[in-house]
Amino acid sequence: MSRETPLLDKIDKPADLRGLRDSDLKLLADELRAEVIDIVSQTGGHLGSSLGVVELTVAIHAVFNTPVDKLIWDVGHQCYPHKILTGRRAKMRSLRQGGGLSGFTKRSESAYDPFGAAHSSTSISAALGFAVGRDMGQPTGDAIAVIGDGAITAGMAYEAMNAAGHLGKRLFVILNDNDMSIAPPVGALNKYLNTLSGHKPFDLLRGMAEGFEANLPGPLRDGARRARQMVTGMPGGGTLFEELGFTYIGPIDGHNMAEVLATLRAARTRATGPVLIHAVTVKGKGYAPAENSADKYHGVAKFDVASGTQAKSVSNAPAYTSVFGRALTEAAARDGRIVAITAAMPSGTGLDIMASRFPARVFDVGIAEQHGVTFAAGLAASGMRPFVAIYSTFLQRGYDQIVHDVALQGLPVRFAIDRAGLVGADGATHAGAFDVGYLANLPGFVVMAAGDEAELVHMVATAADYDAGPIAFRYPRGEGAGVVMPERGQPLEIGKGRVLREGGDVALLSFGAHLAETLLAAETLTAQGISVTVADARFAKPLDTGLIDQLARHHAALITVEQGAGGGFGAQVLQYLANSGGLDHGLKLRTMTLPDRFIEQASPQAMYADAGLTSADIVTLVRRLTGQEMRLRRA
């Protein structure tokens, strides 16, 4: 069937879908998939996950009355088709860029994004909140949560399902089962999915589901059988989800538009309580390079559509993540007690390097940061030397366990905190802004930050050698500063910083990877006639009080610089000097931190400019403190 105008060009909002024939909805899905591929080839982003939900997205918006009905995407990195259909198509090429569309769902962006996301396993809890609000008189319709098979393994998802089953509220959970989150799903639930077989599905639409599996092509039939086994128990028993109070529908072919539409329509018509619809999908569906890639093109740079070749940045400096992975692997080779834990991010944290050499000593606990932290605490208590490698933004999810299970017991768990600071296109949801503040206030914790990639190697060695209690070190995303790398890391003296440059007027005390920006500012100031000392604190806890006293005594002004929120390293320095009397003699002390607001997505450089943390900002502050700006104005 030929058409002069593509169907997608006629869609301004989801209501436009509801007047289309089912056959046209299938054609629209094909156009939508091509559009997503073209857009992400120009912007980069989460491709595979978005391609896997094209048919689901079209069908949900065609059947349900969004935005009155609330559609909640778990994590939200699969929301690109959703954004195109909800009035944002013209802006899609601004995706993940400064001033552009977020790569995740965002309440301030559209009425069709009723709940923001970027961290996993929150959708069912939020959907239940909408459902209860509806039943208590709020102007909202049905609630639909779309959650992946990786995200549903997290404890929070089951807490929400248990509560939903108990309350018996009408809501819809769509399990998008593609057997692939960022890394392959792990754990007993995944084994359950792969080993149980031979049971008829328990579903609301038994007549429709009968025979579905037998009529599928071979690979999809195997996937459907595996998917069904995830939720069906042994003969004589109910399904896991039925035990939690849900009615189970499925499995259905998530790429068969007729199947998806019929299921959603019947469920919407007949459901009175919570329903789980189990859809089998393929991550990267419809784009061969994505389907054939090991990570299904989860996160990609800009790429050539024809070949799938991604544009990679070229740098002479190694990435911090790979530096950590190699340093830890070498440390593990020397010490058999070293083990590593990741929460579904083996490649993202660099632990795949160690796993390739010592597979039995790297543990992927899935999307379960709380369990991962306490698991590491148990390992430490047994005498092992565990390293927990988690992004700063995700480590927040395990904070109670850090406090109660690690710090309170003084257990020597090592925390390798990746993606510290501002991270660019993923925006505020993934920024590592708060870890210094939430760790440095815990008794007995050692908190470090690497000023460059060589320092990171030394901090891995320091953590490996430290058994007196918990210890953490943070480092940013991206390439290092290009410094000379040591052949082997050497343990640092706990609580001791270093002076890199000496001057007499102003002291700049850097904590972490803003060291290069601080040194650049010092060069500019020196050229302007201001003598500057630059020191690398290395430790936020314990502080190098001797170094701080020296800087305070011999300089008219002291400025701390860090890639984190207020209440972190600078606050520690300020508290120390206030209590020790270091401010009694007229020292001008200032802290440079991230401002008290979330920084929106852009390039990391633009984000730090927005935050007022560039070398030029440091120069401006120094000149203001020294009075040079006033003298320049008078001149």
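Where a number appears in this text, it was derived from the coordinates with a stated rule and is not lab data. None of these values were measured; they are calculated from a predicted model. Cβ placement follows ideal geometry from the backbone for every residue including glycine, while neighbour counts extend to all protein chains displayed.
Shown in residue order for segment 378-395 are the 3J(HN,Hα) couplings computed by the Karplus curve 6.51 cos²θ - 1.76 cosθ + 1.60 at θ = phi - 60°: x, 4, 4, 5, 7, x, 7, 10, x, 10, 9, 9, 9, 4, 3, 5, 8, 5 Hz (x for Gly and Pro). Sparse packing (at most 10 other Cβ atoms within 10 Å of the Cβ) combined with a DSSP loop state is found for the following trypsin sites (Lys or Arg not before Pro) in segment 550-626: 597. Label zone of residue 166 (point 7 Å out along Cα→Cβ, amide N under 19 Å): in segment 83-122 this covers 122.
Computed from label points 7 Å out along Cα-Cβ, the spacing between residue 488 and residue 502 is 3.2 nm.
The charge dipole of segment 498-634, taken about its Cα centre with unit charges on the Cβ of Lys, Arg, Asp and Glu (plus for the first two, minus for the last two), comes to roughly 360 debye.
With bins 5 Å wide beginning at 0, the percent of Cα pairs of segment 498-634 falling in each bin runs 2, 10, 21, 23, 21, 14, 7, 2, 0. So which aspartates and glutamates can residue 91 reach, going by Cα to Cα under 18 Å and dropping same-chain residues fewer than 8 places off? Counting by Cα, and skipping residues close in sequence, residue 91 has these aspartates and glutamates nearby: 9, 12, 31, 35, 38, 109, 113, 426, 600. Rounded to the nearest 10 degrees, the angle from helix 515-527 to the longest Cα principal axis of the chain is 40 degrees.
Using every pair of separate Cα atoms, the Kirkwood estimate puts the hydrodynamic radius of segment 78-123 at 10.8 angstrom. Using a Förster radius of 25 Å, what is the FRET efficiency between residue 598 and residue 620 based on their Cβ-Cβ separation? Nearest 0.05, please. With R0 = 25 Å, the Cβ-Cβ based efficiency is 0.60.
Amide H contacts under 5 Å for residue 101: 94, 95, 96, restricted to partners 5 or more places along the chain or on a different chain, H placed in the peptide plane at 1.01 Å from N.
Looking at segment 293-435 alone, DSSP beta bridges between its own residues are antiparallel in about 15 percent of cases.
Which residues does a label at residue 307 reach in segment 262-298, if reach means a backbone N under 19 Å from a point 7 Å past the Cα toward the Cβ? Of the residues in segment 262-298, 287-294, 297 have backbone N under 19 Å from the label point off residue 307.
The phi torsions of segment 337-346, fed into the Karplus equation with coefficients 6.51, -1.76 and 1.60 and a -60° offset, translate into couplings of 7, 7, 10, 9, 10, 10, 9, 6, 9, x Hz, rounded to whole numbers, with Gly and Pro shown as x.
Once the gyration tensor of the Cα atoms in the chain is diagonalised, the equivalent ellipsoid follows with semi-axes of 48, 28, 22 Å, ordered largest first. Using the Karplus relation 6.51 cos²θ - 1.76 cosθ + 1.60 with θ = phi - 60°, the per-residue 3J(HN,Hα) values for segment 474-486 come to 10, 7, x, 7, x, 7, x, 8, x, 7, 5, 8, x Hz, with x marking Gly and Pro.
Bridge orientation summary for the chain: considering DSSP beta bridges with both residues in this region, about 15 percent are antiparallel. Determine which aspartates and glutamates satisfy two conditions relative to residue 588: a Cα distance under 13 Å, and not lying fewer than 8 residues away in the same chain. Within the straight-line limit of under 13 Å, residue 588 reaches these aspartates and glutamates: 505. With angles folded into 0 to 90 degrees, how steeply does helix 545-554 sit against the dominant principal axis of the chain? Use alpha carbons for both and round to 10. Approximately 50 degrees, to the nearest ten. For segment 276-323, taking the reciprocal of the average inverse distance between every pair of different Cα atoms yields a Kirkwood hydrodynamic radius of 13.2 Å. When only alpha carbons of segment 320-474 are considered, Rg and Dmax amount to 13.8, 40 Å.
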